[in-house]
Amino acid sequence: MRDMLLQAAGIATIAVASIHGVLGETRVFARARIEPERLRTLIRLVWQTSTVAWAGGGVLLIAAPWMASQPARHWIVATLACVLAFAAFANAWATRGRHFGWMALSAVVAMAIAGY
C-alpha cells in the first residue's frame, strides 16, 4: 500500500506540474506585460523550471519503491515533501487561498508522506 501511495503521489505530481506549465503559458504569460522582452523570457524560463523540477520529482516518487535503498526512498520523499509543501504554502499565501494549486500540492504531500 505504501508503494502505491508513493506512485500515486508521483503521478499526481507530474499532473500538477503539467497543469502548472500549461496554465502559466496560456493564462499568466498570455496576459502579462513584461518589459524588456529579455526579462519576459527569463521569467517564463524560471516559471517552467519549477514545472520541470516537479515533474522530475514525480518520476523519482514513482521510481522510489523499486530502489533497493531505503535511505534513498526516505530522502526522496522528505526532500519532495518539503519542496512541494513550500510551493503549496507560497501558492496559498500569494493567492489568499483562491487558487486550487495549493490544495493539489497539499494532497501530493499528504500522499507522499503516507507512502514514506
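Descriptive notes on the structure:
- Residue-level check: of (1) in a helix (DSSP H, G or I); (2) more than 18 Å from the chain's Cα centre (by Cα), residue 35 misses just (1).
- Test: residue 55 is part of a helix (DSSP H, G or I), within 14 Å of residue 14 (Cα to Cα) and within 16 Å of the chain's Cα centre (by Cα): yes
- Counted residues, the range 84-116 - those being assigned to a helix (DSSP H, G or I), at pLDDT below 95 and hydroxyl-bearing (Ser, Thr, Tyr): 1
- For the range 28-55, the set of residues classified as surrounded by 14 or more Cβ atoms within 10 Å (Cβ to Cβ) and within 30 Å of residue 1 (Cα to Cα) consists of 50, 51, 53, 54, 55, listed by residue number.
- Candidates 22, 16 - the one that is out of contact with any Pro (no Cβ under 6 Å at 6 or more places or on another chain), modelled with pLDDT of 90 or more, exposed (fewer than 14 other Cβ atoms within 10 Å of the Cβ) and not small (Gly, Ala, Ser): 22
- Candidate set: the range 91-109, residues that are of a type in the set (S, T, N, Q) and within 24 Å of residue 61 (Cα to Cα); chosen: the one surrounded by the fewest Cβ atoms within 10 Å (Cβ to Cβ): 106
- Condition met for residue 19 (of a type in the set (Val, Ile, Thr) and outside any helix (DSSP H, G or I)): no
- Filter result for residue 78 (assigned to a helix (DSSP H, G or I), of a type in the set (Gly, Ala, Ser) and either touching a Cys at 6+ places or on another chain (Cβ under 6 Å) or over 15 Å from residue 115 (Cα atoms) (or both)): no
The values are calculated or read from the model by the stated rules, or taken from the named source; none is laboratory data. Worth saying up front: this structure is predicted, and the values here are computed from it rather than measured. Note that we place each Cβ from the backbone using ideal geometry, even for glycine, and neighbour counts take in every protein chain shown.
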